[in-house]
Amino acid sequence: MGKQLSLTASDGHPLGAYRADPAGAPKGAVVVAQEIFGVNTHIRNVCDRLAAQGYVAIAPALFDRFVRNFESGYSPDEVANARKHLAHLDWDAMMRDVAAALDAVKGSGPAGVIGFCMGGTVAFLAATRLAGVAAAIAFYGGQIVRFADEQPKCSVQMHFGEKDDHIPMSDVDTIRRKQPRAQVYTYAAGHGFYCDERASFPRREREGGMGSHAGVPRRKPQGVTALRTTVRECGWCRRGAAALPAQRARAPAGRRRCG
């Protein structure tokens, strides 16, 4: 179980955060960038699972700049309410907030950023704009294509669903073309396929035990040594494929299939 704490960004903005620490010496640190649903139970559970595997995990409350302590579930009404906050997004401000989270885990080892939905774009931007990021992993970041000309300073891995109603595959193709060094994987899935709290999450995975849900490989993955500066056995791409056992992950041309 983690704890709530307060951070202060470089512009003096105070924001909340959720932090989970491992029982022993940390292997590294991970900043977890939220969806538009705030630092909710899903994001806190991701932090807890990472901590159980030996990593300090911290999730800054990126919406605190315009609505304090916001968190939401995934019902249609909750999704509609959360989407109202999209008009207030300030990517530069979120970079300051992520930088504050990185500063809070300084000394824990190499630090990476992982993000989902809006947070996927945040993770990508952290790789291009912030110092001290060892690796970044972006799940279905819908706005990455807008910033695809920016060049990452570290290894980047991205994951998209081929049936995503919000991110057309043409955007993913553009990202692949403009980010040839990034590992980009797609799956026969819709938006939010990583989140086990969504009704769309594969039922057999929900009932089959989610101990390996957040960054924990079911078996040792191959071909991800570029990311091991942050996570020795990067299981995020492995989990994406494992969560969809009846569907095959598609790798970009010229790359191995993830999983």
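The values are calculated or read from the model by the stated rules, or taken from the named source; none is laboratory data. It should be emphasised that the depicted structure is a prediction, and the values quoted were computed from it without experimental measurement. Cβ coordinates were reconstructed from backbone atoms using ideal geometry, including for glycine residues, and neighbour counts include every protein chain displayed.
Can you tell me which residue among Asp64, Asp77, Asp97 is surrounded by fewer than 20 Cβ atoms within 10 Å (Cβ to Cβ) and in a helix (DSSP H, G or I)? Spell out how you get there, then give the answer.
Working: Asp64 fails: surrounded by fewer than 20 Cβ atoms within 10 Å (Cβ to Cβ); Asp97 fails: surrounded by fewer than 20 Cβ atoms within 10 Å (Cβ to Cβ).
Answer to the check: Asp77.
The conditions are (1) closer than 17 Å to Gly142 by Cβ; (2) of a type in the set (D, E, K, R); (3) in contact with a Pro (Cβ under 6 Å, 6 or more places away or on another chain), and Arg83 fails exactly one of them. Which is it?
Answer for Arg83: the failing condition is (3).
Can you name the condition, by its number, that Ile175 falls short on among (1) out of contact with any Ser or Thr (no Cβ under 9 Å at 6 or more places or on another chain); (2) within 18 Å of Val32 (Cα to Cα); (3) at pLDDT 90 or above?
Ile175 satisfies all of (1) out of contact with any Ser or Thr (no Cβ under 9 Å at 6 or more places or on another chain); (2) within 18 Å of Val32 (Cα to Cα); (3) at pLDDT 90 or above except (2).
Which one of these is outside any loop (DSSP other than H, G, I, E, B), touching a residue at least 24 places away in the same chain (Cβ under 8 Å), over 21 Å from Val46 (Cα atoms) and acidic (Asp, Glu): Asp165, Asp171, Asp149?
From the options Asp165, Asp171, Asp149, the qualifying one is Asp171.
Could you tell me whether Ala59 is within 16 Å of the chain's Cα centre (by Cα), part of a helix (DSSP H, G or I) and at pLDDT 95 or above?
Numbers: within 16 Å of the chain's Cα centre (by Cα): yes; part of a helix (DSSP H, G or I): no; at pLDDT 95 or above: yes.
Taking the combined requirement at face value, the residue does not satisfy it.
Test Ile114 against the stated conditions and say whether it is more than 16 Å from Pro60 (Cα to Cα), part of a strand (DSSP E or B) and modelled with pLDDT of 95 or more. It would help to see each step written out before you state the result.
Numbers: more than 16 Å from Pro60 (Cα to Cα): no; part of a strand (DSSP E or B): yes; modelled with pLDDT of 95 or more: yes.
No, not satisfied.
Identify, from the list Gly132, Gly107, the residue that is in a loop (DSSP other than H, G, I, E, B), touching a strand residue (DSSP E or B) at 6+ places or on another chain (Cβ under 8 Å) and surrounded by fewer than 18 Cβ atoms within 10 Å (Cβ to Cβ).
On the way: Gly107 fails: touching a strand residue (DSSP E or B) at 6+ places or on another chain (Cβ under 8 Å).
After applying the criteria, what remains is Gly132.
With respect to Gly141, is the statement that it is in contact with a Ser or Thr (Cβ under 8 Å, 6 or more places away or on another chain) and buried (at least 18 other Cβ atoms within 10 Å of the Cβ) true? Walk me through how you get there before you give the answer.
Values: in contact with a Ser or Thr (Cβ under 8 Å, 6 or more places away or on another chain): yes; buried (at least 18 other Cβ atoms within 10 Å of the Cβ): yes.
Considered against the rule, which asks whether it is in contact with a Ser or Thr (Cβ under 8 Å, 6 or more places away or on another chain) and buried (at least 18 other Cβ atoms within 10 Å of the Cβ), Gly141 comes out as yes.
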